[in-house]
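Any read-out appearing in this document is the output of simple, stated calculations on the displayed coordinates, not a laboratory observation. What you see is a predicted model; the values in this text were computed from it and never measured. Counting neighbours? That spans all protein chains shown, and the Cβs are built from the backbone with ideal geometry, glycine included.
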Amino acid sequence: METTAEETLLGPLLLARGTIDRSSILRGDAAWLKSAWASPSSRVLVINDGRTLVRRAGDDVEAVLFTTAEAPDGERYLLGVEDDVAYFAVAATLPESVGGDANRRATVPLSVAETPEGQPFSAGLRQVGGLLGDRDAGLLVYAVALEAWHTTHEFCPRCGSRTEVQAGGHIRVCPEDQSQHFPRVDPAVIMLIRDDQDRCLLARGPQWPEGRMSILAGFVEPGESLEHAVIREVAEEVGVVAVEPRYLGSQPWPFPRSLMLGFFARATTTELICDSEEIAEARWFSREELVAAIASGELRLPPAVSIARRLIETWYGDHLVGDW
């Protein structure tokens, strides 16, 4: 199969945006952190269980940012600096005084047009990650990832002592043995497999309802290259021999700490032998079959915020309608 121009770039991935300088050199500067927190120009994104406050502003959605004086108490994470403004995240209960019952989950799918303009409500990346501007999307992805890591790494894995947050939220240090622990990122490959008829392979996990399908994915194992992980996962999950894995792009997926690395690969076999623990069903689709299945309601694709959707649309050659 020939490589088309559309395959060379995925375009802007909705969770891979961001404009701030992460300013890593400032994380260890206690005096600067204290000064930045005291500055009236600094802004704080409050994060709670992966959600923050957002509001509609015209046709756009923006994060609700607080001054440090307005922010609730909680663990602080330095997110970075832009235009001399320091941005922090605070892990705390969302302020109800701002938007009523702010800690309720946003309705899915979110209808922005039906949301009162300016009225704060709580939402997560899956609901609004694709609706936020570049700066706010980057801030929220960053904050969600840090909060998820801190929540599950409160204790030293070596001695069990409660660890302390340092370096602007980017290190936890054990006070007993002085060991340092850094936020983890788990690499996962996600791949669109095509056969020699240029059909796309989609599959459904056993935990998903019928009709919900996506492309294959899996975590990279210790001592394994990304390319080998692509080939191995395809063979294990659906029994297909895949070759020529080609990297196209990556996107953070902080649920809780994955980095999704997108690939195309070519199948040299097409018989599907599904691992029942991983795959409930799998099917090859031509472009015409894919569109017909979506139109009939038989098939629902991943949401636009996912790299899976972008890989499918890159293969298809255009945007597709409908999602989970």
Calculated from backbone phi, Karplus (6.51, -1.76, 1.60) coupling profile of segment 68-79 in Hz, x at Gly/Pro: 5, 6, 7, 5, x, 6, x, 4, 9, 10, 6, 9
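Sort V128, V81, V230 so that the residue with the fewest other Cβ atoms within 10 Å of its own Cβ comes first and the one with the most comes last. Walk me through the numbers before you get to the answer.
Details: V128 25, V81 16, V230 28.
The order, fewest Cβ neighbours first, is V81, V128, V230.
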For segment 282-306 and segment 31-91, distance of Cα centres in Å: 39
Cβ charges +1 (Lys, Arg) and -1 (Asp, Glu), total dipole of the chain, debye: 720
E62 versus S41: modelled label distance in nm, points set 7 Å from Cα along the beta carbon direction: 1.8
Kirkwood Rh and Cα Rg combined as Rg over Rh, evaluated for the chain: 1.01
Relative contact order (%) - criterion: Cα under 8 Å, at least six apart; region: the chain: 18
Burial ordering of I307, I171, I25, fewest other beta-carbon atoms within 10 Å first: I25, I171, I307
Segment 186-233 shape via C-alpha gyration tensor axes, a/c threshold 1.5: oblate
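Got the relative contact order for segment 185-316 handy, in percent, Cα pairs under 8 Å and 6 or more residues apart?
On the way: 266 pairs, mean separation 44.0, N = 132.
Worked out over segment 185-316, it gives 33 percent.
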Shape category assigned to segment 24-151 from the gyration tensor of Cα positions, a/c cut at 1.5: prolate
Tensor-based shape of segment 185-316 (alpha-carbon gyration tensor, a/c under 1.5 rounded, otherwise prolate or oblate): rounded
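Quick one: length gained pulling E75 to T268 fully straight, 0.36 nm per residue minus the C-alpha distance? Walk me through the intermediate numbers first.
Numbers: separation 193, 0.36 × 193 = 69.48 nm, distance 5.10 nm.
Between E75 and T268, full extension yields an extra 64.4 nm.
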Among A188, S23, T115 - extreme Cα towards positive end, dipole of the chain, charges at beta-carbon: S23
Label point 7 Å beyond Cα of E224 along Cβ direction - residues of segment 236-251 with amide nitrogen under 14 Å: 236-239, 242
Two-site label geometry, D198 and D134: point separation in nm, points 7 Å out along Cα→Cβ: 3.3
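Please report E82, E244, E233, E154 as a ranked list, fewest other C-beta atoms within 10 angstrom at the top and most at the bottom. Let's see the in-between values first.
On the way: E82 17, E244 14, E233 22, E154 11.
Neighbour counts put them in this order, fewest first: E154, E244, E82, E233.
Counting DSSP beta bridges with both partners in the chain, what percentage is antiparallel, nearest 5? Before the final figure, lay out the partial values.
Details: 44 of 60 bridges.
Given both bridge residues lie in the chain, the antiparallel proportion sits at roughly 75 percent.
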Amide H partners (placed H, <5 Å) of S39, local residues excluded: none
Distant-in-sequence amide H partners of F88 (H built 1.01 Å from N, under 5 Å): R43, V44, L45, L79
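How much length would be gained if the chain were fully extended between A235 and T19, taking 0.36 nm per residue of separation minus their Cα-Cα distance, in nm to one decimal? Don't skip to the answer; put the middle values down first.
Details: separation 216, 0.36 × 216 = 77.76 nm, distance 3.88 nm.
So the chain would gain 73.9 nm between A235 and T19.
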